Amino acid sequence: MSNDIQIKDRNSIQNRNQNAAKPQDIENQARGLLNNLVSSVQTLVDDITALEVNTMVVNRINASKFNAWEAYQEIYSIHDPDYFKAKGIPKEGSQAEELRKRYRSLFDQIEREYFYLLLEEGSGFYNPQDDRVKRYRQRLEHAKKYQPNLVEADQENVKLAKPILPAPTPVLDDKDENNQEDWIETFKEIQKLLDNDRFVRTLRKMYELKAALDSSNVTSTNIDIIYAQTVMQLDGDIITRYNKDLFSLSEDAKNLIINTHNQGVISGEKQWRGTFSFLISLVQSIANLSR
């Protein structure tokens, strides 16, 4: 009887030892977490090199939480030929054209961000044999023959590679297996794109700008105006711009906007400096852990 108990105890101890995490496994997990933390800190550092505060007056504010996939679909939909008609956005008048131009610029900016990833070695997307890259280079060489003063680095030249962004809403045909396989590959490409911190930062900003545009009366030819803008750089440069339309408002309205903007700048600067101080202490802690 005692032998049976001893055998059971030994088996129980062996099982616990097998199930227990090995020191090497714990160290690898800790190292992985540390690497992820360092990557996240790098992303934050890239994001806080400048503080930008914009003040505008809108009809309403949409309180929607950021979802990368939803944001990608919404920004991509601007590319649809019927987008402006479906939204009821007018096409007559200079103001209407300016509003449409602002919407298109959101799509253009995330398209450029993605294309730069395709061109950048080490980005995880680099592929010189990609059809979009080859199309861009071929069209650029062709354009240079007819435009001697063409600046290759001009970001507007990215349009030579169109179409660039993968479509998030394909039309699937149950009878066409190739179509379904293509969508699976496209889905994987979009998912990989939405896992890229750099791209998502741009996507988030474009989504916020789109929300600001959507908050206005898009069926009107009048567009919302950014009345005041302040940009602070880490090197100490501070640039404040005021839209000239601000000074055509009543004295009370003008002073209210300026005071509101100034308060926003003060609050933003405090938060910016606090975040920066936190990151410095975090980097120092990471450096100590890696020793």
Inset, instruction - For residue 262, indicate whether it is exposed (fewer than 14 other Cβ atoms within 10 Å of the Cβ), at pLDDT 75 or above and not β-branched (Val, Ile, Thr). - result: no
Inset, instruction - Out of the residues in the range 188-211 that are part of a helix (DSSP H, G or I) and open to solvent by 90 Å² or more (accessible area, probe 1.4 Å), state the one that is modelled with the lowest pLDDT. - result: 208
Inset, instruction - Look at residue 96 and say whether it is of a type in the set (Gly, Ala, Ser), at pLDDT 85 or above and buried (at least 18 other Cβ atoms within 10 Å of the Cβ). - result: no
Inset, instruction - Considering only the range 234-259, state which residues are modelled with pLDDT under 85 and either open to solvent by less than 80 Å² (accessible area, probe 1.4 Å) or farther than 24 Å from residue 52 by Cα (or both). - result: 236
Inset, instruction - Determine the pairs where a residue that is closer than 13 Å to residue 158 by Cα, located within the range 119-144, has a partner that is of a type in the set (S, T, N, Q) and part of a helix (DSSP H, G or I) with Cβ atoms under 9 Å apart, the partner being 6 or more residues away or on another chain. - result: 136/157; 139/157; 140/157; 143/157
Legend entry - Flag for residue 172 being farther than 30 Å from residue 247 by Cβ, at pLDDT below 80 and touching a helix residue (DSSP H, G or I) at 6+ places or on another chain (Cβ under 8 Å): yes
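The values are calculated or read from the model by the stated rules, or taken from the named source; none is laboratory data. Small disclaimer: the values here were computed from a predicted structure and weren't measured. A quick note on method: Cβ atoms are made from the backbone with ideal geometry, for glycine too, and the neighbour counts reach across all protein chains shown. Surface accessibility is based on the protein's heavy atoms, side chains included, excluding ligands, DNA and RNA. Shrake-Rupley method; radii C 1.70, N 1.55, O 1.52, S 1.80 Å.
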